[in-house]
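Each value in this text was obtained by applying a stated rule to the coordinates, not by laboratory testing. This is a predicted model, so every value here is computed, not measured. As a convention, Cβ positions derive from the backbone with ideal geometry for all residues, glycine included, and neighbour counts pool all protein chains shown.
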Amino acid sequence: MNSFPLFDQLYQQYCSSAKERVGGGGEGHDFDSGSLFSDDRKMELCQRIKSLNDEGHEMIFMILLCYFQWIEKGSTMTVVPYHPKIGKLGYRYDIDNLPSPLLQIIWDFIPLHRNKMEDEHQRYK
């Protein structure tokens, strides 16, 4: 699909689980999982994102760019997607501006990255 294998893996995982939820469909369909993201779940996602290291934040940004470029067919060369606020520490996104499928992909990414962080911590302990 694109040159970021992690995104490909997460997106395929999302499509597979979405197909199970809606009983069919396939790639290119908009499997809106918005019902899975209540306000409480969005707050939990924000807290999980905050707990990640800088590498995790960079990976989420790459996932966001890939989703915008490959799924929504947008151009990341001329626009930063989803209207972030630009602060001293970088971009800050309003979670309500992100599509539900992207939220699910980020949700699925976080445990993978946490496991990687734990493995690295154990290795260098």
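Figures for the structure shown
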{"item": "Taking L45, L89, L6 and counting other C-beta atoms within 10 Å, the order from fewest to most", "result": "L89, L6, L45"}
{"item": "Extended-chain gain in nm, criterion 0.36 nm per residue less alpha-carbon gap, M43 and Q122", "result": "25.5 nm"}
{"item": "Cβ-derived FRET efficiency at R0 25 Å, E55 paired with I86, nearest 0.05", "result": "0.75"}
